[in-house]
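Reviewing the structure listed below.
FYI, it's all coordinate maths here, none of it is from the lab. These numbers come from a predicted model, not from an experiment. Ideal geometry is used to build each Cβ from the backbone, glycine not excepted, and the neighbour counts take in all protein chains shown.
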Amino acid sequence: MGVVYDSRHGESRSFGGRASGLGLPTHAIEGDITDLWQTELRALWKQAPVTIAGLTERAALFLLEQLGWDHGLRVVYQAEHGLNSGNGAEHRVIRAARPGLKRELEAAGAMWPHLLAGRILTGPREVASNDCTPSGAAMASYLREPKKLHSWIIAPRSVA
């Protein structure tokens, strides 16, 4: 599994650092996934649909989901994390197998990115069974909602 993080956000850098500490290959982006797609993912997914996970803004999730769709990949886990001025975030788990994940993230306070990486990148995968519907990640531009970070896993459809 590869891990994508947005280096413009401290929370995302923390997530990427934890993933790297777990021995997973990480890929930093600055919002735009074009370089990652052209230099690595396109060739990789042509060979075989490989699972990736990340903590990025919604646009990166949307584009990766669309590109993955043609290679038999789907979003199997998704949560949004609205950053607040305090030490934590407001979490909304959209698609996950672990029912208590939202509570765990809220209890972690400022350490939520570290906890999140441990929960979704190790052990049993956060997969919502048989839920391969599109994530709806494109809706933000229409709603003019503030930027939030999204954690996600895109995996082969056979995993779900």
| message | Just the residues that are within 20 Å of L83 (Cα to Cα) and of a type in the set (F, W, Y), please, taken from the stretch 46-71. | response | F62
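Could you pull out the residue among G54, G68, G31 that is touching a strand residue (DSSP E or B) at 6+ places or on another chain (Cβ under 8 Å) and within 14 Å of I120 (Cα to Cα)? Show your work before the answer.
Working: G68 fails: within 14 Å of I120 (Cα to Cα); G31 fails: within 14 Å of I120 (Cα to Cα).
Testing whether each residue is touching a strand residue (DSSP E or B) at 6+ places or on another chain (Cβ under 8 Å) and within 14 Å of I120 (Cα to Cα) leaves just G54.
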| field | Cβ pairs under 7 Å, 6+ apart, first in the stretch 18-43 and farther than 30 Å from M111 by Cβ, second surrounded by 14 or more Cβ atoms within 10 Å (Cβ to Cβ) | value | W37/L67
| message | Looking only at the stretch 8-28, count every residue that is surrounded by fewer than 13 Cβ atoms within 10 Å (Cβ to Cβ) and not in a helix (DSSP H, G or I) and tell me the total. | response | 2
| said: Here's a check for you: in the stretch 49-68, which residue that is more than 13 Å from the chain's Cα centre (by Cα) and free of Cβ contacts under 8 Å to residues at least 40 places away in the same chain is surrounded by the fewest Cβ atoms within 10 Å (Cβ to Cβ)? | reply: Q66
